[in-house]
Every structure is written in C-alpha cells, then in structure tokens.
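The numbers here are math on the coordinates, done by the rules we state, and not lab data. Computed from a predicted structure; not experimentally measured. As a convention, Cβ positions derive from the backbone with ideal geometry for all residues, glycine included, and neighbour counts pool all protein chains shown.
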Amino acid sequence: MSGEAHTSGDYIKHHLQNLTFGQHSDGTWGIAHSTQEAKEMGFWAINVDSMAFSIGLGLLFLLFFRKAAKSATAGVPSGLQNFVEWVVEFVDGSVRGSFSHHNPLVAPLALTVFMWVFLMNFMDLLPIDWLPWAAGLAGVPYLKVVPSTDPNVTFALALSVFFLVLYYSTKMKGPGGFFAELAFQPFPKWMFPVNLLLEGVGLIAKPISLALRLFGNMYAGEMIFILIALMFGGGFLLGLFGGVLQWAWAVFHILIITLQAFIFMTLTIVYLDMAHSEHH
C-alpha cells in the first residue's frame, strides 16, 4: 500500500509539475526537476510549457479567425464562417449589454479574451496522459498542457486588464479625478484616508480575484481528471468506473471551461466600463 501511495503521489506531482527553465542555485541553466527547484530559480524562471501552449493557442485563434474573414462570402456561409459570426455576435451582444461608452478597443479585446481563455481551458479536455507521454518520448520530462492552470498565466491576463483599467481611469477622468474617486467616497471627504484604504483594496482585489477565479476552477478541474486517471490502474472494474466518471466529468467540464471564459470576458468589459464612468 505504501508503494501504491508513493506511486500515486509521484504520478500526481509529475502531472502538476511545469516544464520550468531557469538558473539553478549552482549557477547553471536548465530544467527544474521538482517544484522546489523551480521556486529556487526565482522570478526569471520560465514555465516553457505554459508559454508555448498559450502563445500557440493565441496564434491558432488568430489564424482561424483570419481565415474565416478572408474567405467570408455574402452567399451561403461555410461552417467556419458560421461559427466565427456566431462568436462575434455573441461577444458584440455582451459588449453592448455591459459597456455604455464608446471605445473601439473593447469589443476586439473582449473577443480576444473570450476565445483565448476558452482555448486554454479547452486543453483540459484532452486525455491527461497523451501529450505528456508523447513529450516524454521526445525527452521532455514534464509537460502541463493547460495554461490556465498556471497562476503565472492567469495573473498575466488579469494584470493586463488591470493596467488597461488604470490607463482609462486616468485618461477619462484625469489624474485628479481618478484620485478623487478613490479618496472622496463612500464617506465624507474628511475621511479620505479610510476612503483611500477601502477603495484601494477594492481596486487591487479586482485583478487578484480575476486571476484566482480562473486559476482555481481550472486547477481543480485538472486535479479531478488526474485523480480519475489513477483509477485506470486499479483493475478492470475500477478502470471501467473511472472511464464512466471521466466521460461524465468531461461533459460537465465543457460548461465550466466556457463559463470561466465568459466570466473573465464579462468582468473585463465591466471593469473597463467602470473605468470610463464618472462616479459622484
């Protein structure tokens, strides 16, 4: 039993380990072979798998949408054109319903956020062992294929939205107006230290909650897939039950990955709408 637990623990740790490249404590550069080694590499270590899959999926999104735009016709649309038009109309409806100002950046940004996050989440529906096994044959020791289970990716997305919020808050209201919004509400002006503390915490909480919501949901979903995969090594009946569980969880997970992409997009639109609005 102790051997089984050790094997199961190693299996889980292996699937949760990123392919991290950085500088080791002895000054050499290379791949981290444990989470502790990855931590010791410090801030400049790179999760190569997260970078590769996120950039690759972003390029895939651009390629397909560009192809649909170039081949669009006024006649009977193709399946790809139908899908792209549906997604664009869906995002456009969300922007019109949540953004009450005029900014030509918001709709393309919302489309990019929705599709990019959805594609990163969608990687969680691939069989948990396929790509890591193929990578192992090529000599790659670790491979996490779901970028949104990496907090570095989700925080990068959230901070990008946060910087846009700060930019448009300052641009639309001016530095003084933005500061007044933080310092002079909800309590009277003479309580501005309290107002500044409360509003500052609320402002900083936006990117943190945006990043952790996506990361937490996707990390939990991946962990469930890993635990179900362990059942395939427990005999025929347990493996059969694991197969049924895996199918059921994958079907339910389709809703989760879509919902998380929609929530991230919607909050991005709402935060930018708040950045454009005057508060009195």
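In debye, nearest 20, what is the charge dipole magnitude of segment 58-276 about its Cα centre with +1 on Lys and Arg Cβ and -1 on Asp and Glu Cβ, if you could check?
Working: 10 positive and 10 negative charges, 84 e Å.
So the dipole magnitude of segment 58-276 works out to roughly 400 debye.
Please give every one of the lysines within straight-line cross-link reach of K189, meaning a C-alpha to C-alpha distance under 27 Å, and leave out same-chain neighbours fewer than 8 residues apart.
K171, K173, K206
Add -39500 (n - 2.57) for each DSSP H run of 4 or more in the chain, then divide by its residues: what number comes out at 222 nm, to the nearest 500 deg cm²/dmol?
Rounded to the nearest 500, it is -25000 deg cm²/dmol.
Defining a contact as two alpha carbons under 8 Å apart and six or more residues distant in sequence, what relative contact order in percent does segment 58-276 show?
After rounding, I find 30 percent.
How large is the Kirkwood hydrodynamic radius of segment 45-157, counting all unique pairs of alpha carbons, in Å?
Computed over Cα pairs of segment 45-157, the Kirkwood hydrodynamic radius comes out at 16.2 Å.
Pull out the extension gain between L159 and V88, defined as 0.36 nm times the separation in residues minus the alpha carbon to alpha carbon distance; nm, one decimal.
My answer for the length gained is 23.1 nm.
Against the 2.2 N^0.38 Å scaling, with N counting residues, where does the chain land? I'd like the Cα-based Rg ratio to two decimal places. Mind dumping the intermediate values first?
Values: Rg = 22.5 Å, N = 280, 2.2 N^0.38 = 18.7 Å.
Normalised Cα radius of gyration, the chain: 1.20.
Can you give the extra length, in nm with one decimal, that the chain gains between R66 and A220 once fully stretched, where that is 0.36 nm per residue apart less the Cα-Cα distance?
Details: separation 154, 0.36 × 154 = 55.44 nm, distance 3.36 nm.
Residue separation times 0.36 nm, minus the Cα-Cα distance, leaves 52.1 nm.
With a sphere of radius 15 Å drawn around the Cβ of L59, what net charge do the other residues whose Cβ falls strictly inside it have (Lys, Arg +1; Asp, Glu -1)? Provide the component values of the computation, followed by the final result.
Numbers: positive: R66, K67; negative: none.
Computed value for this residue: +2.
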